[in-house]
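The values are calculated or read from the model by the stated rules, or taken from the named source; none is laboratory data. All of these numbers come straight from a predicted model, not from anything done at the bench. Heads up, the Cβs are rebuilt from the backbone with ideal geometry, glycines too, and the neighbour counts pull from every protein chain shown.
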Amino acid sequence: MKIMLPSLVLFALPCLAQEPSAPAFEVASVKISGGDSLRYNGPRFQVAHGSLTTHGFALRACLVLAYQMGPSQIQGPEWLNDIRLDITAKAAGPASEQQVYLMLQKLLADRMGVKVHKEKKAMAVYIMTVAKGGPKFKETEGEGPMTATPEKGAMNIKGFSLFELAAEFSGKLLDRPVIDQTGLKGRYDVRLDMSPMRAATPGGGEQGTGERHESNPSPERADQVSALVDLLRDQLGLKLEGGKQPVDVLVVDYAERTPTGN
């Protein structure tokens with residue numbers, strides 16, 4: 001049986017016109033955080049085996065997670081820091097972390113009305129690379145979310161990725177995006193002596209939530225940045241250098257303050 005070319009083309013057109021749909025969670029709940037969730041002392045987010053859980057996680061932080069960008073690469077209204085969400089979501093089956101993040105993008109679009117676009121902007125950045133001598137941390141055994149536990153003047157960090165480490169420093173101390181150029185893609189454990197950071201912090205206090213950034217760092221903040229650079233080099237075998245380069249920026253065009261669809 002011969003099939004004429006025009007017929008074959010017409011038969012194929014519907015297939016070519018269909019775009020693959022974005023992956024989505026099978027079940028999901030998105031709610032504004034209450035008092036218990038805001039006081040929660042455990043991990044603020046967990047991603048494992050195709051499931052995602054957050055406790056009191058700011059909408060901006062959800063966007064950081066979903067799009068795998070640093071906090072200073074998310075541009076939108078200030079109230080993105082104030083809307084805090086409890087999310088419980090599960091895929092139909094096992095899924096990689098990257099697939100879960102794509103599902104979170106769709107979930108935020110569906111339930112929070114999030115609409116975004118990406119731009120390239122030349123920005124001052126910190127570039128993180130492996131220092132001479134190589135990294136000074138070991139690969140994680142098993143699975144699970146990143147956890148950070150204080151212990152006698154130190155911090156035990158388990159299951160961190162270099163992206164999460166870069167985002168953590170960018171969000172809590174640095175006023176620029178941290179660009180991970182280490183090439184290290186696994187998850188790792190390390191024990192950090194935090195005394196250099198405490199010595200550089202007036203009063204030995206905490207750095208706060210890190211969801212807002214200073215355009216003109218104080219001399220005290222400059223001392224903290226210098227201490228962080230030394231800590232990364234001496235204890236993790238990582239180098240942090242300032243630079244300027246085009247960076248992906250996520251611009252939030254629209255978002256709702258309350259979730260829908262629960």
Filter pass, Glu168 being closer than 20 Å to Arg233 by Cβ, of a type in the set (Asp, Glu) and outside the structural domain of Lys31 (by TED's automatic domain parsing): yes
Residue match in the range 153-166 (condition: farther than 20 Å from Phe45 by Cβ and in contact (Cβ under 8 Å) with a residue 40 or more places away in the chain): yes
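Here is a yes/no grid of residues against (1) aromatic (Phe, Trp, Tyr); (2) assigned to a helix (DSSP H, G or I); (3) more than 12 Å from the chain's Cα centre (by Cα):
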{"site": "Leu165", "(1), (2), (3)": "no, yes, no"}
{"site": "Phe169", "(1), (2), (3)": "yes, yes, no"}
{"site": "Leu174", "(1), (2), (3)": "no, no, yes"}
{"site": "Gly183", "(1), (2), (3)": "no, no, yes"}
{"site": "Gly186", "(1), (2), (3)": "no, no, yes"}
{"site": "Asp189", "(1), (2), (3)": "no, no, yes"}
{"site": "Pro196", "(1), (2), (3)": "no, yes, yes"}
{"site": "Ala199", "(1), (2), (3)": "no, yes, yes"}
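Could you please find all residues in the range 122-163 being loosely packed, with under 13 Cβ neighbours inside 10 Å and either of a type outside the set (Asp, Glu) or under 18 Å from Met194 (Cα atoms) (or both)? Step through it out loud before you land on a result.
Taking the range 122-163 first, the residues loosely packed, with under 13 Cβ neighbours inside 10 Å are 122, 132-134, 138-139, 141-143, 149-153.
Ala122, Lys132, Gly133, Gly134, Lys138, Gly142, Thr149, Pro150, Glu151, Lys152, Gly153, listed by residue number.
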Residue pairs meeting the criteria (Cβ under 6 Å; at least 6 apart or on separate chains; first assigned by TED's automatic domain parsing to the domain that holds Glu168, in the range 126-149; second aromatic (Phe, Trp, Tyr)): Phe137/Tyr188; Glu139/Tyr188; Thr140/Tyr188; Met146/Phe160
Wholly within the range 22-82, strands (runs of 3 or more DSSP E) carrying at least 2 residues that are within 17 Å of the chain's Cα centre (by Cα), surrounded by 13 or more Cβ atoms within 10 Å (Cβ to Cβ) and modelled with pLDDT under 95: 45-48, 51-58
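Looking at this structure, is Thr209 surrounded by 14 or more Cβ atoms within 10 Å (Cβ to Cβ), in a loop (DSSP other than H, G, I, E, B) and either modelled with pLDDT of 85 or more or among the β-branched types (Val, Ile, Thr) (or both)?
When the stated conditions are applied, Thr209 does not pass them.
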